[in-house]
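For reference, the structure discussed in these notes is given below.
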Amino acid sequence: MNDKIVLTGIKPTGTPHIGNYLGALKPLIELSQNHKTIMFIADLHALNAEKDAKALKQHTYEIAALLIAAGLNLENAILFRQSDIDEIYKLSNFLMNVTPKGLMNRAHSYKAMVEKNTESGVDVDAGVNMGLYTYPVLMAADILLYNSDIVPVGKDQKQHVEFARDIAGYFNNTYGETFKMPEPVIGEDIGLIPGLDGRKMSKSYDNTIPLFAPSNELKKKIMRIITDSKTPEEPKNPDESTIFQLYKQFASESETETFRKMFLDGGMGYGTAKTMLFEKIDSVLSKPRAEYERLLNNKQEIDAILQSGADIARKIASRTIEKVKKKMLG
Ligand code: ADP
Ligand code: TRP
């Protein structure tokens, strides 16, 4: 897939945590080492839920800074803000006219809302705005606007890429061959990264460790990881320990084996294990964290990168819009 164009959007819905990084962002950064990559911060997709413009802007900067600091290869990748490309609003609107309403009714996130409303006995569409309802059309527009080949996504987003293919198909059938068919690629499942309480690390559980938390905050969070009540002497099962699960994501194989043995052998208290985890994460992240903080204190540098990405994206996008307008409007 070396000559293929990889495209992906990242929704700026909160300060990125270790789960987001390992599960979603790190694999994307790795892809950018060997592939032409189109990457944007999907701020328009956040609008159906996020009504605080200031927070949205700040989270957009945070994701951009994180990607750059964590090694996104800007030789191969363009990075921009979705909302900076006017053509996205146009394509999304054009695509509405070939998208059956029934397709939107089948979208997982809309269906989940309908089910929840039905269970609570309120109107099926309570709390559903058109941004949520037409979310898949906007996402199809993202994918089709830039002629992408490959769309790496998590399992939860696979249906959206399939919808983009459906919508491309409806358009091509109506107006003749226009859009390339994008392929969803589901990355290797690294499993769920546990949070402080042992459940999936997630903003909704308030159990996250922000990826680039300052050292003292990182330490405080790690010390709060919930453990069982085994004494230091007792042997412990590493595979059931949040401390070990997090450690192995940042350590080398041999360090992980040593740590595993320390769990199994007994003689190590959880306090010591947490300190080792803190020291490992802190040392791995200290360099990119400093760069992240530097960028966030120099937002004009981030803006410059986003602008130069947008300039390239706009060129591709405007060619697509010209083609689409001609086919649809003559
Ligand atoms: P949250 O659950 O905190 O709201 P999101 O749903 O915004 O996180 O996650 C964005 C991406 O990060 C998802 O595509 C998912 O693959 C990844 N991700 C989030 N939490 C985890 C986790 N605990 N383990 C692995 N991947 C995760
Ligand atoms: N909907 C995706 C998410 O919630 C983000 C996204 C928006 C996206 N546009 C995209 C992902 C285009 C891949 C391609 O994670």
Determine which aspartates and glutamates satisfy two conditions relative to residue 36: a Cα distance under 17 Å, and not lying fewer than 8 residues away in the same chain. 3, 75, 142, 149, 183, 311
Subtracting the Cα-Cα distance of residue 53 and residue 279 from 0.36 nm times their residue separation yields 77.7 nm
Determine the share of segment 212-292's accessible area contributed by carbon and sulfur atoms, expressed in whole percent, with a 1.4 angstrom probe. 51
Please give the helix 87-96 orientation as an angle from the longest Cα principal axis of the chain, in degrees from 0 to 90, rounded to the nearest 10. 70
Under the helix-only model (-39500 (n - 2.57) for each DSSP H run of 4 or more, divided by the residues of the chain), the mean residue ellipticity at 222 nm, to 500 deg cm²/dmol, is -17000 deg cm²/dmol
Projecting each Cα onto the charge dipole of the chain (Lys/Arg +1, Asp/Glu -1 at the beta carbon, about the Cα centre), which of 267, 121, 196 comes out farthest on the positive side? 121
Candidate lysines - alpha carbon under 22 Å from residue 280, same-chain residues fewer than 8 apart omitted: 26, 200, 219, 220, 221, 236, 248, 261
The extension gain from residue 252 to residue 130, computed as 0.36 nm times the residue separation minus the Cα-Cα distance, is 39.2 nm
Mind checking the per residue accessible area of the chain for me, 1.4 Å probe, whole number of Å²? 49
With the crude spin-label approximation of a point 7 Å out along Cα→Cβ, what separation in nm comes out for residue 216 versus residue 166? 5.3
Using amide H atoms built 1.01 Å from N in the peptide plane, name the residues 5+ places from residue 187, or on other chains, whose amide H lies under 5 Å from its own. 153
Under 5 Å from the placed amide H of residue 35, counting only residues 5+ away or on other chains, we find none
The chain - charge dipole about Cα centre, Lys and Arg +1 at Cβ, Asp and Glu -1, debye rounded to 20: 660
Inverse of mean 1/r across different Cα pairs in the chain, Kirkwood, Å: 21.7
With axes computed from alpha carbons, what is the tilt in degrees of helix 135-145 against the longest principal axis of the chain, rounded to the nearest 10 within 0 to 90? 80
Any idea what the dipole of segment 212-292 comes to, in debye rounded to 20, about its Cα centre with Lys/Arg Cβ at +1 and Asp/Glu Cβ at -1? 340
Expressed as a whole number of Å, what is the distance separating the alpha-carbon centroids of segment 203-254 and segment 6-45? 24
In whole percent, how big is the carbon plus sulfur part of the accessible area of segment 1-119, probe 1.4 Å, protein atoms only? 50
Inter-label distance, nm, simple model (7 Å from Cα along the C-beta direction), residue 294/residue 74: 1.2
Summing Lys, Arg as +1 and Asp, Glu as -1, what charge do residues with Cβ under 15 Å from the Cβ of residue 127 carry, residue 127 excluded? -2
Label residue 326 and residue 30 with points 7 Å out from Cα along Cα→Cβ: what is the distance between them in nm? 4.1
Where the centroid of each part is defined by its Cα atoms, how far is segment 268-322 from segment 78-112 in Å? 27
Using the beta-carbon distance between residue 228 and residue 155 and R0 = 35 Å, what value does 1/(1 + (r/R0)^6) give for FRET efficiency, to the nearest 0.05? 0.70
Distance cut-off 27 Å, Cα to Cα: go down the list 51/327; 4/57; 57/90; 57/323 and report the pairs above it. 51/327; 4/57; 57/323
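The values are calculated or read from the model by the stated rules, or taken from the named source; none is laboratory data. Please read these numbers as outputs of a predicted model, since none were measured by experiment. Heads up, the Cβs are rebuilt from the backbone with ideal geometry, glycines too, and the neighbour counts pull from every protein chain shown. These accessible areas exclude ligands, DNA and RNA; they are computed on the full protein's heavy atoms, side chains included. Shrake-Rupley method; radii C 1.70, N 1.55, O 1.52, S 1.80 Å.
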